[in-house]
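Student: Dropping a structure here in structure tokens format, bear with me for questions.
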Amino acid sequence: MEPLPGLAPLHASTTVSPLLLGVLTLAGLGSALLLGLGLAAYVRRRSRPYLLVALALATIAGRSLVAWLAMMGPLTDADHHLVEHGLDVVMTALVVGAVWYAREIRQGRGTDDT
């Protein structure tokens, strides 16, 4: 898919720079750490909102993986953007679901089973 006339792709790159490698490495490590903490919180609390938040954190780690795959070649720029924005939608739905479900529990309209 070509960009609109007169517009360049937003963050597509044909070269792999050391700065990009560093940023993606830090992003990958940071998102893996956050995912680990989210999973630990879920294991400790065993509630649906914690599970949904842990899954939302997994989408952040997934974005780092998608960026690496795009940089190394298996994903095209178009696929990279499609998957990234798809993960954004999933992450948003998971966070909204976690807040919604936690609010239902707090108001006594739901149960906290998983």
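Student: Looking at the range 61-80, which of the residues that are without any contact (Cβ under 8 Å) to a residue 40 or more places away in the chain and either farther than 18 Å from S31 by Cβ or aromatic (F, W, Y) (or both) is least open to solvent (accessible area, probe 1.4 Å)?
Tutor: Result: G73.
Student: Being open to solvent by 60 Å² or more (accessible area, probe 1.4 Å) and either assigned to a helix (DSSP H, G or I) or touching a helix residue (DSSP H, G or I) at 6+ places or on another chain (Cβ under 7 Å) (or both): is that true of L39 here?
Tutor: yes
The values are calculated or read from the model by the stated rules, or taken from the named source; none is laboratory data. All of these numbers come straight from a predicted model, not from anything done at the bench. Note that we place each Cβ from the backbone using ideal geometry, even for glycine, and neighbour counts take in every protein chain shown. What goes into the accessible areas is simple: the full protein's heavy atoms, side chains included, and nothing from ligands, DNA or RNA. Shrake-Rupley method; radii C 1.70, N 1.55, O 1.52, S 1.80 Å.
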